[in-house]
1. What shape does segment 35-131 take by its C-alpha gyration tensor, where a ≥ b ≥ c are the square roots of the eigenvalues and a/c under 1.5 counts as rounded, a/b above b/c as prolate, and the rest as oblate?
2. By average Cβ neighbour count within 10 Å, what is the ranking of 127-133, 149-155 from highest down?
3. Can you tally the net charge around residue 573? Count Lys and Arg as +1, Asp and Glu as -1, for every other residue whose Cβ sits under 9 Å from the Cβ of residue 573.
4. Compute the signed sum of charges (Lys and Arg +1, Asp and Glu -1) over the other residues within less than 11 Å, Cβ to Cβ, of residue 475.
5. What full-extension length gain, to one decimal in nm, is calculated for residue 155 and residue 13 as 0.36 nm per residue of separation minus the Cα-Cα distance?
6. Give me the distance in nm between label points sitting 7 Å out from Cα along the Cα-to-Cβ direction at residue 230 and residue 56, one decimal.
7. Given a Förster distance of 45 Å, report the FRET efficiency between residue 147 and residue 539 from their Cβ-Cβ distance, rounded to the nearest 0.05.
8. Could you give the length gained by full extension between residue 572 and residue 495, i.e. 0.36 nm per residue of separation minus their alpha carbon distance, to one decimal place?
Amino acid sequence: MFCSRCGTEVQDTAKFCPSCGLDLAATTPLAAIRDPSDDTEVSVVKNALKEEYEIVQELGRGGMAIVYKARERELERDVAIKVLPFSLAFDAEFVERFQREARTSAKLEHPNIIPIYRVGRSGRVIFFVMKFLRGESLSEQLEKRGALPPEEINKILCQTAAALGYAHKNGIVHRDIKPDNIMFDESGHAILTDFGIAKAATGTRLTGTGMSIGTPHYMSPEQARAQTLDGRSDIYSLGVVAYQCLTGVVPFDGEDSFSIGYKHIMEELPEPELRTAAQRSLLQVIRRMMAKTQEERFQTAEDLVAALEGAGPMLARGPAAGVTEAPRMPPPPVPTPVGTPPRGVSPSTPTTPMPRAARPSFQIQRKKKKKSGVLVGLMLILLLGGGGAGGYWYFILDAQWPLPFMSQAVPSSPATMDTSSSLNDSLLLVASDTGQSASDSAAVDDTTGGVEEPAADLPSTGMLILTNIPRGAQVTIDGEPITGDTLELEPRSYKIEALRTGYEKFEMTQAVGRGEVVVVPVNMTRVVEQAPPPEPPPVDVCTVVPPPAEYFEVGRCFDTRASELRAPIVNVPPDYQGELRPLRVLVRVSVNGNPAQVLQTGSRETAGPPELQIMAQRFIRDSLRFQPATKGGQPIEAWRRVTVQFRRR
């Protein structure tokens, strides 16, 4: 079937016309597949343009026009020719709108706006010629793929916004941004088309009746209210297109245009399920594009392009890095060769712990002593010659090791080395040869070969120090609350958690070894509290367009209703063969009783064919006058339900 307003072919299950946005539930579409005169129409077009163009095929019907693919004979190139249907050519309003599109598009020279080659009229054929695009429309892409990746959406938005920015600078508001009007050329560039209901920012009325035209799913809130529009309305509509590209569905849907317009005005943008950071980043841009008030949106298309280009790195950003393990302090050093760090390293300067050599057994140690005769001899000479007192101190008196003088730094120059330092170096040399420190040496039982328990070289516990804990934070170790920031723990892994109101939860797993001092900064991120969104203002039924049913209750928006000064009866020509049915419309009556706006309403049974609709609108606009509604004794502007009757003369 076909739309009764613009003639676009629509599916039987469609709720709205995809081209002009007509509510199909409130009107009767043309049920016939095509008028018998269509063949004659194609023949007339071919004959009228045959000198310059060869009509190849019909590409589609929509937007109050028929589009043909043609071959330009002189330049031998493919072109698209848009022709006004003959059934609408008799109406000056449709002719003006058709010619407006040609004039508007022709003066916009931009790589992302479809170029117009020629505007003309040949007999009954009113047409204009434009570039033929070999790519698909965005709506066809979405129908095939469902949704698009963020990088591709970003590219489409940047190119379309660039076209809109150029149009807005030239005083043109597109007013009908939707996937059907975004095409792709052979190189994949987005091309903005169909300026059929575009309006210059000069205040010129679009139609004589002031009807609101557009596609409900993509209308901005101010467009749904039939208010004055500027370029920010196009930005909102482009945001709806971006949301559909991202999720595969439009944000607001409903049974009729009234419910959809209400959702655009009052309801918040639905929160889709997004998986990647790039999708979430793009959604933030879409939220600003679709802000309810114009002041909260991007003020220009150039601002939108800048935001999209700035989001480029976000679209390629990878996942966040995981939690890194806290640096560890080395264990308190045991007697080691000269030059190792002294005991008592500050926890505030974490370093990497040095690996500890495994303790060799007594048998290996004794075997090495037997094979290392030179070293043993050297040791005995040093002990007898210069270290007898030290040996007596250690072996006879069982004094602590290391000796007091061994904690001092050994002079690097051999000329200044005394007897005690020689003894210290010789003992360390033996320990190095056996693969262990002097403190790891064991007492030997030569008779049995047994090994006594070695002296303890490390503490059996480790130290965990927590720093940067926010005041008032509750810290737990393995689920147990703690007090203080320094803990002595058994060597193993621990789960550290910290909670505080106004901060994100801190958690990490940290291992603590024997003798280690581990410093863990508890760096908690403060949560930025966002103010709750403001409550939406209550709906004033007296200002909603189209008005809801409760608007017409006497005493709510007016004290007395507006009324017709004559019966709304339209005389139709005697040669009209169609069925005559009453037509219900909404008329906004001004304070002086003139019709200011006409909207079609009613059901399929009460709506008539397009010829009757046009005659009814003309009759109301030119012939019907009203007694205006009143409130508080004063005339006011108000809506009136009018049922137009038809009769043959």
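Read the figures in this text as sums done on the coordinates, not as results from a lab. All values reported here derive from a predicted model rather than from experimental measurement. Note that each Cβ is placed from the backbone with ideal geometry, even for glycine, and that neighbours are counted across all protein chains shown.
1. Numbers: a/c = 1.78, a/b = 1.12, b/c = 1.59.
Oblate is the answer for segment 35-131, as a/c is 1.5 or above yet b/c matches or exceeds a/b.
2. Values: 127-133: 20.3, 149-155: 18.4.
With the highest mean Cβ count within 10 Å placed first, the list reads 127-133, 149-155.
3. Values: positive: 648, 649; negative: 575.
It works out to a net charge of +1.
4. Numbers: positive: 500; negative: 480, 485, 497, 507.
Result for the local shell: -3.
5. On the way: separation 142, 0.36 × 142 = 51.12 nm, distance 3.29 nm.
Contour length minus the Cα-Cα distance gives 47.8 nm.
6. 4.3
7. Working: r = 32 Å, r/R0 = 0.72.
Efficiency computed from Cβ-Cβ geometry: 0.90.
8. Details: separation 77, 0.36 × 77 = 27.72 nm, distance 8.69 nm.
Value of the extension gain: 19.0 nm.
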